[in-house]
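To start, the structure itself, in structure tokens.
The values are calculated or read from the model by the stated rules, or taken from the named source; none is laboratory data. Not measured: the values here are computed from a predicted model. Heads up, the Cβs are rebuilt from the backbone with ideal geometry, glycines too, and the neighbour counts pull from every protein chain shown. When the accessible area is computed, the model is the full protein with side chains, heavy atoms only, and any ligands, DNA or RNA have been set aside. Shrake-Rupley method; radii C 1.70, N 1.55, O 1.52, S 1.80 Å.
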Amino acid sequence: MNRGFMEMKIGITPIQVAALVCVMLCSCSLSADDNDFFESKIRPLLVQHCYECHSGKVGVVESGFDMDTRAGLLGGGDHGIAVVVGKPEESLLMKALSYRLADLEMPPDGKLPSRATDLIADWIKTGAVMPLGAAVQTEDKSPALINIAAARSHWAFRTLAPVSTRFDRQQRMNPVDRWVLHYQKKNRMRSTGPASPQQLIRRLSFNLTGLAPEWPDVSAFIADPTQSQYSELVRKYLSSPAYGERWARHWLDLVRYTDTTASWLESTAGSFRYRDWVVNALNDDVPYDRFVKLQFAADLMGDSEPGDVAALGLVGLSPTYWKEPRLAPLVIKAVVAEEWEERIDMVGRTFLGLSLACARCHNHKMDPITQQDYYALAGVFASSRILDIPLVAQDEQEVVRAAIKEAAAIRVKIHRQKVLQEGAKDKTAHAKRIVELQAELKALSVATPQFDAPRVMAVVEDSISVLADGPDLTKVVYTPNHSIDVAVQLRGNPATLGEVVPRRFIELMDPQKTPFSIGSGRLELAESLVSKSEGLLARVIVNRVWRHHFGEGIVDTPSNFGLQGAVPSHPELLETLALGLVENQWSLKWLQRVIVTSETFQQSCSTDEAAISKDPNNRWYGRMNRRQHDIEAWRDSMLQVTGLLDVSIGGKPALLSDTDNNRRTLYATIKRRELDEVLKMFGFPEPTAHSPKRDEMNTPLQQLYSLNSEFIWRCADHLASSYTAKQTEEFKPIVSELYRKVYSRESTPQEFDVAIDYLEKTGSDGLRRYIHALLISNEFAFLD
């Protein structure tokens, strides 16, 4: 077949044929994250801006470019290949959207906002994944096509119920071991032996506190490795303040915690108080159901403490976007809608393991979540305003907030007078007025108890309205103590509105669709999460805790428990632990204790090749997984073993790069739009969105950092400076102590001899280099 014949018969060039072949041959399996990103971020843009002219489903395919399917997108049209997978800069689609081609600027009625083009660029860069061969829906699916009643039979949505086992002996076993053993027998697997006492105490200490065990504890446990001694270690580590610090960081990943938020907000200096609240709540073992409710509605709960207002940072530290008053109201409404989407997405994934935000533009394509569900929740956030508020009792809030507002107005007047004073010939009148205003400010602060109380980023019961303020100008108005319901935005477009949906919980969990009637609905939303979705809420948090201990969850998609999520490897185990959590007053420390006292947790990492080949992914827990420390445990334990760690709890953050920052990594400054390069290098998640699990990273850049980092050399130098040995006999106890400090074990004879031989030749300079080598070794970076 010659080239001309090919073009005549099928209407595309050989290059486009190659592109289509690549589409068919490439791995296009749609992961849950890929699908969610496309459905929530890319599909709405295509529908709103492209499908009017480039959709066969709509009936218009201009320039031969049909964007209904992935094949059509990659194949392109009359102008050539539209998308080069992984290379947005080379993609014709991006060139058109960026207005880089004078004769091809899309959409023709105006360039897309940079945030929209950045999303499409990211989508192309990460594979341009969408449902292969399936047309992108341009009309909302009828609610009747979503069988919510049938979906309630899905394993994750069922009511929790006891799971029985046939064997009386197994009833007396730790529930973890009972069900792990059940599946091992079923798959003809067996567990390896127990870990050595040294490995086990190190594992326990790091998993619960994120720090290495102290040598006296290691020595005592090696001498008496009984279950009673082990239980005492579990009690000690769960009671340690370091426990809350360790597990708070796991939680903060989920809720995209940041120390610095948008610059246009009144103040973000108190952001760290949310982080500290989480640490204290976990240390105090606040029941998980209450832990959830306080983060939505501490200000509305009669039994909350003044300090619990800091818990509202869950929503108070949400990403916010600038609402430029010189833009048209419709543009600002779209910005506000983006904020709602982010908050609904965080709530759905964090607490329910559901991608609720995928229902913004249409009914959810995979899960039983309707577009009405989405906008019912949007009404809650449309009635909640992010605000910097004082950390005082609720009956004092109104007075203190009013005084703070008045003080802000006085400061504006003082600033104006100073500006006028600079340009005035006679400055006396302005100086006098400044003194008067400063006196007013002082009198106000004296007259208002708690005026200088600490402040936190939180939410208050104010509804938002976007109004026109002249031609193409906008003003955003907040109405105090007022709530609103919002209308469905057809195809996610605020210009095309459908029915107004009362604020309520999702129909999947509340068939009666009971409207929220108390203020914004934040308290009722929190109560619904706990009462109406109790089983799902419990399963999700149990799976998250399990994953942090074993490296993988019982459900491999920790933030997707929907119909397309992974199924549990051990469903009865998940049910048993979830029900146990609820029956034990939602105590997370109860859950921790059950897991770490199981024989499954106490296994060795070692096993034979036959077992590995039969179960390479360790799905049946025949051994413990060896795992690399995250950046927090690695850095914190490095400070700890070298004697530099500052163990003070809470307080303001400090830059990780500060040379005198010896605090735990939890207290490093997290900037939403400018994440520290070291954190980023070691897989720390971007605090712009919910992060269900961290990416595993092992790169040459990490090795270069280990070799050259000033921080690691400072740690090595500090520990070396504590020794003054100059002769062989003096080096021997140092080497022994180093292995106990760094590895929580004794050195082997060979390690000991090599170290002494090296130190004899190199002296004190060699000691710092030897310590540095121990700190950057695999044994220090990994946990057995």
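Residue-wise test of (1) farther than 14 Å from F601 by Cβ; (2) in a loop (DSSP other than H, G, I, E, B).
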{"position": "Y183", "(1), (2)": "yes, no"}
{"position": "R202", "(1), (2)": "no, no"}
{"position": "S205", "(1), (2)": "no, no"}
{"position": "L208", "(1), (2)": "no, no"}
{"position": "L211", "(1), (2)": "yes, yes"}
{"position": "D217", "(1), (2)": "yes, no"}
{"position": "Q229", "(1), (2)": "yes, no"}
{"position": "E232", "(1), (2)": "yes, no"}
Subset of segment 457-513 that is of a type in the set (K, R) and either without any contact (Cβ under 8 Å) to a residue 12 or more places away in the chain or part of a loop (DSSP other than H, G, I, E, B) (or both) - its residue that is most open to solvent (accessible area, probe 1.4 Å): K513
Would you please name the residue that is nearest to A310 (Cα to Cα), looking only at residues in segment 620-646 that are under 25 Å from the mean Cα position of the chain (by Cα) and open to solvent by 30 Å² or more (accessible area, probe 1.4 Å)? D630
Suppose we keep only residues that are of a type in the set (D, E, K, R) and assigned to a helix (DSSP H, G or I) within segment 566-603. Which one would you say is nearest to the chain's Cα centre (by Cα)? K589
Checking the condition without any contact (Cβ under 8 Å) to a residue 24 or more places away in the chain and aliphatic (A, V, I, L, M), which residue from L704, L783 passes? L704
Hits in segment 441-456 (condition: without any contact (Cβ under 8 Å) to a residue 40 or more places away in the chain and in a loop (DSSP other than H, G, I, E, B)): D452
Residue among S517, S559 that is farther than 20 Å from L160 by Cα and of a type in the set (S, T, Y): S517
Which listed residue is open to solvent by 80 Å² or more (accessible area, probe 1.4 Å) and either of a type in the set (K, R) or part of a helix (DSSP H, G or I) (or both), from E696, E729: E729
Considering A429, A403, which residue is of a type outside the set (S, T, N, Q), in a helix (DSSP H, G or I) and open to solvent by less than 50 Å² (accessible area, probe 1.4 Å)? A403
Name every residue in segment 406-422 that is over 28 Å from A310 (Cβ atoms) and either surrounded by 24 or more Cβ atoms within 10 Å (Cβ to Cβ) or of a type in the set (K, R) (or both), in order of residue number. K413, R416, K418
Within segment 656-686, take every residue that is polar (S, T, N, Q) and outside any helix (DSSP H, G or I) and give me the one that is nearest to T260 (Cα to Cα). T669
Name the single residue, out of those in segment 743-773 being in contact with a Lys or Arg (Cβ under 8 Å, 6 or more places away or on another chain) and part of a loop (DSSP other than H, G, I, E, B), that is most open to solvent (accessible area, probe 1.4 Å). E746
Filter segment 379-400 down to residues that are open to solvent by 50 Å² or more (accessible area, probe 1.4 Å) and modelled with pLDDT of 90 or more and give me whichever is nearest to D303 (Cα to Cα). V399
Can you find a residue in segment 310-333 that is in contact with a strand residue (DSSP E or B) (Cβ under 6 Å, 6 or more places away or on another chain), surrounded by 23 or more Cβ atoms within 10 Å (Cβ to Cβ), in contact (Cβ under 8 Å) with a residue 24 or more places away in the chain and farther than 28 Å from K475 by Cα? yes
State whether one or more residues within segment 290-297 are farther than 30 Å from Y321 by Cβ and not basic (K, R). no
Tell me, which helices (runs of 4 or more DSSP H) lie completely within segment 22-109 with 2 or more residues that are aliphatic (A, V, I, L, M) and at pLDDT 80 or above? 43-49, 92-97
Could you list, in sequence order, the residues of segment 339-366 that are of a type in the set (D, E, K, R), buried (at least 24 other Cβ atoms within 10 Å of the Cβ) and not in a helix (DSSP H, G or I)? R360
Check segment 405-416 and report whether any residue there is over 30 Å from G562 (Cβ atoms) and either in contact with a Cys (Cβ under 8 Å, 6 or more places away or on another chain) or at pLDDT below 90 (or both). yes
In segment 540-596, which residue that is closer than 15 Å to D285 by Cβ and of a type in the set (F, W, Y) is surrounded by the fewest Cβ atoms within 10 Å (Cβ to Cβ)? W590
Please indicate, with yes or no, whether at least one residue in segment 752-773 is closer than 30 Å to R547 by Cβ, aromatic (F, W, Y) and more than 25 Å from the chain's Cα centre (by Cα). no
Let me confirm something: among L537, L508, which residue is under 19 Å from A378 (Cα atoms) and modelled with pLDDT of 95 or more? L508
In segment 264-284, the residues that are outside any helix (DSSP H, G or I), open to solvent by 60 Å² or more (accessible area, probe 1.4 Å) and modelled with pLDDT of 70 or more: A269, D284
Condition met for I776 (open to solvent by 20 Å² or more (accessible area, probe 1.4 Å), under 30 Å from H549 (Cβ atoms), at pLDDT 95 or above and of a type in the set (A, V, I, L, M, F, W, C)): yes
Name the single residue that is surrounded by the most Cβ atoms within 10 Å (Cβ to Cβ) among those in segment 514-528 being in contact (Cβ under 8 Å) with a residue 24 or more places away in the chain and part of a helix (DSSP H, G or I). R522
Can you list residue pairs whose Cβ atoms sit under 6 Å apart, with the first residue in segment 661-682 being within 18 Å of K693 (Cα to Cα) and the second being open to solvent by 40 Å² or more (accessible area, probe 1.4 Å) and of a type in the set (A, V, I, L, M, F, W, C)? Count only pairs 6 or more apart in sequence or on different chains. M681/L701
